[in-house]
Number of protein chains: 2
Amino acid sequence: MKRYRNGEVWDFENQMPVAAGAGDVILGLDGGTTSTVCICMPILPFSDPLPYPVPVLARAVAGCTNHNSVGEAAARDTLEQVMAEALAKSGSNRSAVRAVCLAVSGVNHPTDQQRILDWLRDVFPSNARLYVQNDAVAALACGTLGKLHGCVLIAGTGTIAYGFTEDGREARAAGAGPTLGDWGSGYGIAAQALTAVIRAHDGRGPHTMLMSSILGKLGLSSPDELIGWTYADPSWARIAALVPVVVCCAIAGDEVANKILFDSVEELRLSVKAVVQRLGLCGPEGKDSFPLVMVGGVLDENKRWDIGEEVIKCISKDYPGAVPIRPKVEPAVGAALVAWNFCMKESLENAFKS
Amino acid sequence: MKRYRNGEVWDFENQMPVAAGAGDVILGLDGGTTSTVCICMPILPFSDPLPYPVPVLARAVAGCTNHNSVGEAAARDTLEQVMAEALAKSGSNRSAVRAVCLAVSGVNHPTDQQRILDWLRDVFPSNARLYVQNDAVAALACGTLGKLHGCVLIAGTGTIAYGFTEDGREARAAGAGPTLGDWGSGYGIAAQALTAVIRAHDGRGPHTMLMSSILGKLGLSSPDELIGWTYADPSWARIAALVPVVVCCAIAGDEVANKILFDSVEELRLSVKAVVQRLGLCGPEGKDSFPLVMVGGVLDENKRWDIGEEVIKCISKDYPGAVPIRPKVEPAVGAALVAWNFCMKESLENAFKS
């Protein structure tokens, strides 16, 4: 991969005049394990509710930016590249950037946050506000239109549940990657399915339709070849791409596939429950209302075996006040709205002081 | 890592005269996911039982040679290097090699075998007999002194059960690596323990002593840091090295750690059972005698929580004819004895023909 250590990625700023009438902008970035999206949004006038659709000047897409998956340097290069592309496409440049919110998977600890902030500070003008969050924060905000309150459940290649109280406390569950037990994720579901094939083949587990379906999908002739296939490429997304095969087998009545999906529902429910309990989002009686934002390919609706719907059913039994939201804007817009909310709050506070 | 593509690894043959009286030799190699051992053995006279201890001229040690873990080229380089070292140390060279048995983890399919045989053929004289096997074969043979009959259970960083009938049929279970459900392995045990720490921390699982013990062992201050630690290095052996911490916690009475170890015993039992059933090693009445060879760090005896002993207890209930063997020679010697057995059989057959 090309590296942009010397800042060539920003060369467009010298070659392209800023469009007449262009105003200040906000960058919102959603960096996942499979792909990364950056959007450029104009500074919105303070209004409640927000204008809908949320205005977006430009959108750029890149690959994985989880440093745990691709490494620190590659993640940084891709982040810089996709932000530069979004700015260039919107006819703007860095001097117009009022705020940036990078919501990136793999940000699990204040040191992760600080490491990204350190280089980000060198990229943008000193008056730009910079926020670095776990990508779950953008996912929550795309359901709540920037308000950090409630719980989001993400289940795509990976999975995490993340929540905020209205007074700013936060908690998370799962999001620790495949080695550390994210069994409800797309990767988790697919790895369980691959495992079921191996176990059926070597006599440790029951016969399953997953065997012919997965081998057919991958063009392999024997389960023994699955071992080589699995370790030929360590990408988590490549494994997770088998989820639709598992869903098809479950719909066709395969018991092993059905068990895997029900186990995944239970895992996802446990993650949400852990966050809701720790934050007390459901109130002392367990019945308070809170947003429950559902994001990610595993939770997409309109399938005959609807994992997201099953999770909502379980959670609604546990917490009748949970308000399920399937967001209409994408997480990158959520990230931009988080930055915009922070800026707005700061302006209001400053107005009060003066 | 240095690459030996041009054969410099064999330069010693031009510089070192072969020792006077040096005879023909056999190379036995045991290539695991953590380390690789190659021994050089003189051709033994045909005798039953074998001389004990088995004579070994030289021994060389190297790192991982599982191509699924380190890649094809690195695995080949390490294999050539460690064989050259064993030959050089024994004062011999390739012209004296009568047979080679490479028993390497990651050999799961005839195509894996053929790929290794292809380059091995170019390394050794044309009259040398070459055998490529899964490393489980060497482990079985080190318990049975070269005879391929019975079942071996290996549980180190990885795990596999492998068996042979006296008439040459073979079967295996597990051995598919961590993504594909080798839950009874050292990696499996340690990954479950790490997962239990994350789950206790985020509220999905019960409190466990594993948290303070593992963080203490790794010098980390918070479970959040475990995520970065886990993905900083994809080596399976590094994770598996936490098994002793799990055993200590189980001995101290921690329920989560105990459950992980009992689950691992059950997984290992299932693997052995699958092989024994498929091969009919226990005979039609289920009571025939067969060797059950136990190999690998997870099964080492003399611990107060003895995983191997627990597995033997379970298997003996299933199959009273199972004869547990804890081998006294190492698997690399087993590999050499496999090669020696093959050579002996061939000579006998030729003697009959003439």
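Bridges between two residues of chain A, per DSSP, are antiparallel at a rate of about 55%.
With runs of 4+ DSSP H residues as the only contributors, calculate the mean residue ellipticity of chain B at 222 nm using -39,500 (n - 2.57) per run, divided by the residue total and rounded to the nearest 500.
Details: 13 runs with 158 residues, N = 354.
Per the formula, -14000 deg cm²/dmol.
For chain B, the longest principal axis of the C-alpha atoms and the axis of helix B:331-353 are separated by about 40°.
Stick to the Cα atoms of the range B:50-206, pair each with every other, and give me the Kirkwood hydrodynamic radius in Å at one decimal. Spell out each step's value before the answer.
Working: mean 1/r = 0.0563 Å⁻¹.
Answer for the range B:50-206: a Kirkwood hydrodynamic radius of 17.8 Å.
Quick one: net charge of B:Asp24's neighbours, Cβ under 12 Å, K/R +1, D/E -1?
On the way: positive: B:Arg94, B:Arg98, B:Arg129; negative: none.
Surrounding charge for B:Asp24 is +3.
Each copy carries a label point for A:Asn258 at 7 Å from Cα along the beta-carbon vector; from one copy to the others these points are 3.5 nm apart, nearest first. Computed over the range A:106-148, the P(r) curve from all C-alpha pair distances, binned at 10 Å from the origin, holds 27, 41, 32, 0 percent per bin. Which residue, A:Leu220, A:Leu261, A:Leu27, has the most motion in a Gaussian network model of chain A that connects Cα atoms within less than 10 Å? With Cα springs under 10 Å in chain A, the top fluctuation among A:Leu220, A:Leu261, A:Leu27 is at A:Leu220.
With a Förster radius of 60 Å, plug the Cβ-Cβ distance of B:Ser347 and A:Glu72 into 1/(1 + (r/R0)^6) and report the FRET value to the nearest 0.05.
Values: r = 59 Å, r/R0 = 0.98.
E between B:Ser347 and A:Glu72, to the nearest 0.05, is 0.55.
GNM remark for chain A: springs join alpha carbons under 10 Å apart, and the peak mean-square fluctuation among A:Tyr162, A:Tyr187, A:Tyr52 falls on A:Tyr52.
Kindly provide the Kirkwood hydrodynamic radius of the range A:205-274 in Å, to one decimal, from all pairs of distinct alpha carbon atoms.
Numbers: mean 1/r = 0.0748 Å⁻¹.
Taking the inverse mean of 1/r over all distinct Cα pairs, the range A:205-274 comes out at 13.4 Å.
Placing a label point 7 Å from Cα along the Cα-to-Cβ axis, A:Gly216 is separated from the same position in the other copies by 5.4 nm, shortest listed first.
Distances longer than 20 Å among the Cα atoms of the range A:178-325: what percent of all pairs is that?
51 percent
Taking the Cα centre of the protein assembly as shown as origin, work out the dipole magnitude from +1 charges on Lys and Arg Cβ and -1 charges on Asp and Glu Cβ, in debye rounded to 20.
On the way: 62 positive and 76 negative charges, 5 e Å.
Rounded to the nearest 20 debye, it is 20 debye.
B:Ala84: net charge of surrounding residues, Cβ under 12 Å, Lys/Arg +1, Asp/Glu -1, itself excluded? Before the final figure, lay out the partial values.
Values: positive: B:Lys89, B:Arg94; negative: B:Glu8, B:Asp11, B:Glu13, B:Asp77, B:Glu80, B:Glu85.
Cβ neighbours under 12 Å give a net charge of -4.
Ignoring lysines fewer than eight residues from A:Lys89 along the same chain, the ones with Cα atoms less than 22 angstrom from its Cα are A:Lys2. Here chain B is assigned +1 on the Cβ of each Lys and Arg and -1 on the Cβ of each Asp and Glu. Its dipole about the Cα centre then comes out at about 260 debye.
Fewest to most neighbouring Cβ within 10 Å: what's the order for B:Arg199, B:Arg129? Intermediate results must be reported in sequence, preceding the final value.
Details: B:Arg199 23, B:Arg129 16.
Least crowded to most crowded, the residues run B:Arg129, B:Arg199.
For the range A:313-338 versus the range A:63-116, the inter-centroid distance based on Cα atoms is 24 Å. Its residue count N fixes a reference of 2.2 N^0.38 Å for the range A:29-89, and the Cα radius of gyration divided by that reference is 1.31. Quick one: angle between helix B:255-279 and the longest Cα principal axis of chain B, in degrees between 0 and 90, rounded to 10, please. For helix B:255-279, the angle is close to 40 degrees. Distances, shortest first, from the label point of A:Asp233 to those at the same position in the other copies read 2.8 nm; the point lies 7 Å along Cα to C-beta.
Taking label points 7 Å from Cα along the Cα-to-Cβ direction, B:Ser221 and A:Thr165 give a separation of 2.4 nm. Residue of chain A with the smallest Cβ distance to the axis mapping A onto B, distance rounded to whole Å: A:Pro234, 3.
Summing +1 for each Lys or Arg and -1 for each Asp or Glu among the other residues whose beta-carbon sits under 15 angstrom from that of B:Val311 gives -3. Take chain A and mark each of the GluC sites (Glu not before Pro) that is in a DSSP loop with at most 15 other Cβ atoms within 10 Å; the longest unmarked stretch, sites excluded, is A:1-165.
Grab the beta carbon distance between B:Asp306 and B:Phe46, set R0 = 35 Å, and tell me the FRET efficiency rounded to 0.05.
Numbers: r = 38 Å, r/R0 = 1.09.
Efficiency, rounded to the nearest 0.05: 0.35.
By its C-alpha gyration tensor, with a ≥ b ≥ c as the square roots of the eigenvalues, how is the protein assembly as shown shaped: rounded for a/c under 1.5, else prolate for a/b larger than b/c, else oblate?
Numbers: a/c = 2.60, a/b = 1.83, b/c = 1.42.
Taking the square roots of the gyration eigenvalues as a ≥ b ≥ c, the protein assembly as shown is prolate.
Of A:Ile39, A:Ile116, A:Ile26, the residue with the greatest mean-square motion in the GNM of chain A, using alpha carbon springs below 10 Å, is A:Ile116. I need the Kirkwood Rh of the range B:129-235: take the reciprocal of the average 1/r across all distinct C-alpha pairs and report it in angstrom. Every distinct Cα pair counted, the radius reaches 16.2 Å. Solvent-free Debye calculation, one equal scatterer per alpha-carbon of chain A: log10 I(q)/I(0) at 0.09, 0.10, 0.15 Å⁻¹ equals -0.53, -0.65, -1.24.
About its Cα centre, how strong a charge dipole does the range A:54-121 have in debye, to the nearest 20, once Lys and Arg get +1 and Asp and Glu get -1 at the Cβ?
Numbers: 7 positive and 6 negative charges, 57 e Å.
So the dipole magnitude of the range A:54-121 works out to roughly 280 debye.
Computed over the range A:8-133, the Cα gyration tensor eigenvalues convert (square root of 5λ each) into semi-axes of 23, 17, 14 Å, ordered from largest to smallest.
Measuring between their Cα centroids, the range B:147-185 and the range A:235-260 lie 27 Å from each other. When the pairs A:Lys287/A:Lys328; B:Lys147/B:Lys328; A:Lys273/A:Lys328 are compared against a 18 Å limit on Cα-Cα distance, A:Lys287/A:Lys328; A:Lys273/A:Lys328 fall above it. Taking the dipole about the Cα centre of the range B:178-325, with the C-beta of Lys and Arg at +1 and of Asp and Glu at -1, give me whichever of B:Leu261, B:Ile239, B:Ser316 is farthest to the positive side. Highest projection toward the positive end goes to B:Ser316. Computed from Cα atoms, the angle from the helix A:110-123 axis to the main principal axis of chain A rounds to 40 degrees.
Values quoted throughout were computed directly from the atomic coordinates according to the rules given, and no laboratory measurement underlies them. Predicted, not measured: the structure shown is a model, and the values here were computed from it. Note that we place each Cβ from the backbone using ideal geometry, even for glycine, and neighbour counts take in every protein chain shown.
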